[in-house]
1. In what sequence, highest mean first, do 234-240, 73-79, 303-309 appear when ranked by Cβ atoms within 10 angstrom?
2. By how many nm would the segment from residue 293 to residue 118 lengthen if fully extended, with 0.36 nm per residue of separation less the alpha-carbon distance?
3. Taking the alpha-carbon centroid of each part, what is the distance from the stretch 49-87 to the stretch 131-173 in angstrom?
4. For the stretch 274-315, what are Rg and Dmax over the alpha carbons, in angstrom?
5. Using the Cα atoms as the points, what is the convex hull volume per residue of the stretch 149-298 in Å³?
6. Cα-based count: Lys pairs in the stretch 274-315 below 13 Å, eight or more positions apart or different chains?
7. I'd like the distance separating the alpha-carbon centroids of the stretch 246-313 and the stretch 182-236, in whole Å.
8. Counting other Cβ atoms within 10 Å, keep those with at most 11, restrict to DSSP loop, and tell me which trypsin sites (Lys or Arg not before Pro) in the stretch 142-202 are left.
Amino acid sequence: MMNDVAASGREKKILAPMVRVGTLPMRLLALEYGADLVYSEEIIDRNFLDSYTRDKYEIKEWISNKTQLSFFSTCDKERDKLIVQLGTSNGNNAYKAAEKVIPFCRGIDVNMGCPLDYSTKGGMGAALLKTPEIASDIIKTLRRNLPNEYSVTAKIRLFPVLKDSIDFVHLLANSGADAVAIHARQVHERAKDKAHWDQLAQIAQLVTTNIPLMGNGDIFSVQDMLRMKEETGISHWMIARMAQWNVSIFRGTLDSMNNVILRYVQLAEETNTYYGLAKYCLQQMIKYQKWTRTEFASKINHAQSWDDIKYALSFLDA
């Protein structure tokens with residue numbers, strides 16, 4: 001059975017799944033900077049079920065039958081490093097969706113931690129923490145039907161009671177999950193709330209299976225990665241916000257934002273990324289750099305096309 005996190009036994013730096021951010025250009029850039037694995041943004045299972053594929057140059061796109069718009073894309077450069085995250089509440093639908101994308105990725109992850117209404121109202125995301133029998137069935141169905149060389153994982157959040165977190169990790173392991181990522185916050189908590197690394201440490205110590213764990217929450221530097229390893233025993237790091245702000249975190253020393261931005265824009269254009277998604281990612285980088293009052297920021301904020309974004313680059317040093 002393939003286990004991407006445990007493979008080779010070494011530590012892994014992983015791009016976390018992020019809505020609107022974890023699209024193809026950001027994943028490719030993360031890999032260029034040294035990420036070991038990259039997760040897609042969450043894709044709802046029914047989107048794959050009601051879609052067709054289109055090859056455009058070296059890019060494979062999934063097109064919605066309903067909107068005729070692309071909602072997911074990938075390419076050969078990331079195939080061996082890509083984990084596709086599904087939003088699902090049904091094992092059969094999860095498998096049917098996975099069937100459509102599995103030839104083009106390394107594994108399938110199930111989102112069991114998203115706290116947003118659009119996900120939980122459909123029984124997906126963090127709602128699965130309250131329906132362990134469904135969560136278990138999804139993992140069992142995927143593991144039973146997918147070829148062994150593809151990994152099956154889940155990303156969860158902490159429960160209010162530590163024992164429940166441990167029991168849920170055991171449930172996933174016994175259902176066939178190859179690894180579990182733990183966002184070290186409870187469902188009601190947000191980024192402003194400090195991640196509970198102390199609970200990660202207790203889970204890592206008390207889980208009795210050999211299932212690899214990935215730690216997520218408040219990792220902003222290489223020093224944080226090392227500190228998480230020391231404090232929790234977890235040495236696979238899933239990085240979200242810092243990767244969104246400056247994806248060069250994966251190489252250890254941060255690259256200049258100018259270099260990051262220029263390369264991101266180049267990759268986004270090369271991969272046929274919708275300009276609005278690129279604009280959103282650039283705005284996150286701008287906020288992190290506190291460049292909100294610059295001419296570059298103004299041009300990006302008012303951009304209505306790829307031409308506008310490329311024009312804004314001429315103000316990058318302004």
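Rule-based calculations on the coordinates, nothing more; no lab input. Because the structure is predicted, anything quoted here is derived from the model rather than measured. Cβ coordinates were reconstructed from backbone atoms using ideal geometry, including for glycine residues, and neighbour counts include every protein chain displayed.
1. Working: 234-240: 23.1, 73-79: 17.3, 303-309: 14.4.
Ranked from most to least packed, the peptides come out as 234-240, 73-79, 303-309.
2. Details: separation 175, 0.36 × 175 = 63.00 nm, distance 3.33 nm.
Between residue 293 and residue 118, full extension yields an extra 59.7 nm.
3. Their Cα centres are 25 Å away from one another.
4. Rg and Dmax of the stretch 274-315, Cα atoms, are 9.2, 25 Å.
5. Residue-normalised Cα hull volume stands at 149 Å³.
6. On the way: 279/287; 279/299; 279/310; 299/310.
The result is 4.
7. Taking the Cα centre of the stretch 182-236 as reference, the centre of the stretch 246-313 is 29 Å away.
8. On the way: sites: 143, 144, 155, 157, 163, 185, 190, 192, 194; in loops: 190, 192, 194.
Those that pass, being in a loop and sparsely packed, are 190, 192, 194.
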